[in-house]
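Chemist: Please see the structure below; I have some questions.
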Amino acid sequence: AVVSTQSTGAHGDDKGKLVAIVDVIDQNRALVDGPCSGVGRKDINFKALHLTPFTIPIAHSARSGAVRKAWEKAEVTKKWSESTWAKKLASREKRSQLSDFDRFKLMKAKQARNRIINIEFGKLRNAARKAKK
Amino acid sequence: MKFKCAELKEYEIVGRPLAKNDEKMPVYKMTIFAPDEIVAKSRFWYFLRQLKKVRKVNGEILRQTEMSNTSPTKIKNFGIWVRYDSRSGSHNMYREYRDVSRTGAITQCYRDMAARHRARPHSIQIMKIEIVKAADTKRPVIKQMHDSKIKFPLPHRILKFNKKSIFVADRPSTMRPMKMGSCDTVETCAVEEAWGLCE
C-alpha cells in the first residue's frame, strides 16, 4: 500500500494528513486509512490525494490495526517529516503564520545575511578587477 | 423530482391499510432509497399502491427508520436489479457497482442511469440490491478491480485550482508522478484475502 497525503479541503480538517491507501474501490476512489495521523478509514477520491514515495507492506483491505503496525514498523511518519516535501510544507505553513513582528525579524535576518554575502562578493569582484588590470 | 442531494439515504418503512373495525390488516415493509424522509414516505405509498390495494388516504405508516451503514470501511460489490421506463418502454436491468455502502451504490446507480440512459429518477425502480461476491460479479468494469496487485497510472492529472496561479505564462504540466499501486509487497502477507468479502 502506498502512503499519500491528502491535499484538498473536501475533507477540510484532514487536509495535509498522511494516509495509507489500503484498497482501490474503483477508478476514482480509494479506501484510505490513517491510524497514525488521526484519519479514520474512509473512501476518498484520488483527486484529493498526493502520492508519496513511501509504501508499507500490508495486504489489501488490511484492518486498521495491521495498518498501524506496518506504519509504525516502517517509521513512515518519521521518514515523511524528514523528507524535503514535508519540510517545504512545514515552512510554507510557518510562513503563513508569521506575525508582523516575525516578518520584521525575518527581514532583518535576510538583510544581515545578504550584507555578508555582498561584502564577500565585493571582495571577489575587486580582486577580479585588479587581476584584469 | 428528487435526488439532488449528495447521497441517498436508506429507509425501512412499514405501513398498513387502516383497520376499519378490529380486523387485522396486513402489514407491509419496504426498503426505500430517498434523499429525505418525506420523499421516502411518498415513494413508499407510490410502490404500495402499485402492488397492493392501499392508498395513502386509507393507510398509515407504522414505522420509518433510517438504516445506517453496516460496514462503511469494507469495499463491496453490489448487484442492483432495476426496472426503468425508457422513452419507448419499460425494461429490467441488472447493474453492478463497487462501493463502500448500499446507499453509495444506489446513488451511483441513479447517476449512472441518468448518464447512460437519460433515465430520470422518477422512472427508476430499484427492485433489489444485494452484495455480490467477487467471483459472482458479471460486469468487466467491476471485475477489473478484482486484482490484489492492481496498478494504474493517473495520467493527465489536473489538480484542484491553485489560487496562487490563476493566470500563468505557460501551461501547467499535468505529468505528475502518480502511479497507483496497491499492496505490491507480499512479504508480510502470506494469505491473500478473498476479494469481496460478504458482510
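The values are calculated or read from the model by the stated rules, or taken from the named source; none is laboratory data. Note that the structure is a prediction, hence the values are computed from the model and not measured. Neighbour counts are summed over all protein chains in view; Cβ atoms, including those assigned to glycine, are modelled from backbone coordinates with ideal geometry. Protein only, heavy atoms only, side chains kept; ligands, DNA and RNA dropped before computing areas. Shrake-Rupley method; radii C 1.70, N 1.55, O 1.52, S 1.80 Å.
Chemist: Percent relative contact order of chain A, based on C-alpha pairs within less than 8 angstrom and at least six residues apart?
Modeler: Value for chain A: 18 percent.
Chemist: Moving on to the next point. How large are Rg and Dmax for the stretch A:18-133 when calculated on the C-alpha trace, in angstrom?
Modeler: In order Rg, Dmax, the Cα atoms of the stretch A:18-133 give 23.7, 75 Å.
Chemist: Quick one: Cα convex hull volume of the stretch B:1-140, Å³ per residue? Let's see the in-between values first.
Modeler: Details: hull volume 18.0 nm³, N = 140.
Expressed per residue, the convex hull around the Cα atoms of the stretch B:1-140 is 128 Å³.
Chemist: Give, ordered by residue number, each residue of the stretch A:15-48 whose 1.4 Å probe accessible area is reduced by a minimum of 10 Å² on adding the remaining protein chains to the chain alone.
Modeler: Residues shielded by partner chains are A:Ile21, A:Asp23, A:Val24, A:Ile25, A:Asp26, A:Gln27, A:Arg29, A:Leu31, A:Arg41, A:Asp43, A:Phe46, A:Lys47.
Chemist: Quick one: with all protein chains in place, what share of the accessible area of chain A is carbon or sulfur, to the nearest percent (1.4 Å probe)? Let's see the in-between values first.
Modeler: Working: 4600 of 8390 Å².
Exposed carbon and sulfur together represent 55 percent of the surface.
Chemist: Okay, moving on. Count the net charge of all other residues whose Cβ sits under 13 Å from the Cβ of B:Thr103, scoring Lys and Arg as +1 and Asp and Glu as -1. Don't jump to the answer; show the numbers that get you there.
Modeler: Values: positive: B:Lys9, B:Lys76, B:Arg102, B:Arg111; negative: A:Asp43, B:Glu7, B:Glu10, B:Glu12, B:Asp36, B:Glu66, B:Asp99.
With Lys, Arg at +1 and Asp, Glu at -1, the net is -3.
Chemist: Enter the buried accessible area of the B/A pair, total of both sides, probe 1.4 Å, in Å² rounded to the nearest 100. Don't jump to the answer; show the numbers that get you there.
Modeler: On the way: alone 14090 and 9540 Å², together 21330 Å².
What B and A bury together is about 2300 Å².
Chemist: A further question on this structure: Evaluate peptide A:58-64: per residue, the Cβ atoms of other protein chains within 10 Å of its Cβ; return the mean as an integer. Walk me through the numbers on the way to the answer.
Modeler: Values: counts 5, 11, 11, 10, 4, 2, 1.
That works out to 6 on average.
Chemist: Right, here's the next one. Can you send over the solvent-accessible area of A:Asp43, 1.4 Å probe, protein chains only, in Å² to the nearest 10?
Modeler: 50
Chemist: Indicate the residues belonging to the stretch B:61-91 that lose 40 Å² or more of solvent-accessible heavy-atom surface (probe 1.4 Å) upon moving from the chain alone to the assembly of all protein chains, ignoring ligands and nucleic acids.
Modeler: B:Thr73, B:Ile75
Chemist: Also, I was wondering about something else. Carbon and sulfur together cover what percent of the accessible area of the stretch B:1-152 at a 1.4 Å probe radius? Intermediate values should be presented prior to the final figure.
Modeler: Details: 4280 of 8870 Å².
C and S fraction of accessible area: 48 percent.
Chemist: A further question follows. Ordering A:Glu75, B:Glu60 from largest to smallest accessible area (1.4 angstrom probe), what's the sequence?
Modeler: Result of the area sort, largest leading: A:Glu75, B:Glu60.
Chemist: In square angstrom, what is the accessible area per residue of the stretch A:27-133 with a 1.4 angstrom probe? Present the calculation step by step, with values, prior to reporting the outcome.
Modeler: Details: 7640 Å² over 107 residues.
Ligands and nucleic acids excluded, the result is 71 Å² per residue.
Chemist: Take the Cα atoms of the stretch B:67-156, build their convex hull, and give its volume per residue in Å³.
Modeler: Convex hull of Cα atoms, per residue: 132 Å³.
Chemist: Per-residue accessible area for B:Thr73 at 1.4 Å probe radius, Å² rounded to 10?
Modeler: Around 50 Å² of this residue is reachable by solvent.
Chemist: Something else: Over its Cα atoms, what ratio of radius of gyration to 2.2 N^0.38 Å does the protein assembly as shown give? Spell out each step's value before the answer.
Modeler: Values: Rg = 28.5 Å, N = 332, 2.2 N^0.38 = 20.0 Å.
The value comes to 1.43.
Chemist: Right, here's the next one. Please work out the Cα center distance from the stretch B:54-131 to the stretch A:31-99, rounded to the nearest Å.
Modeler: Answer, in whole Å: 35.
Chemist: Could I ask something else about it? Could you report the accessible area of B:Leu51 in Å², rounded to 10, computed with a 1.4 Å probe on the protein chains as they sit in the structure?
Modeler: Per-residue accessible area (B:Leu51): approximately 120 Å².
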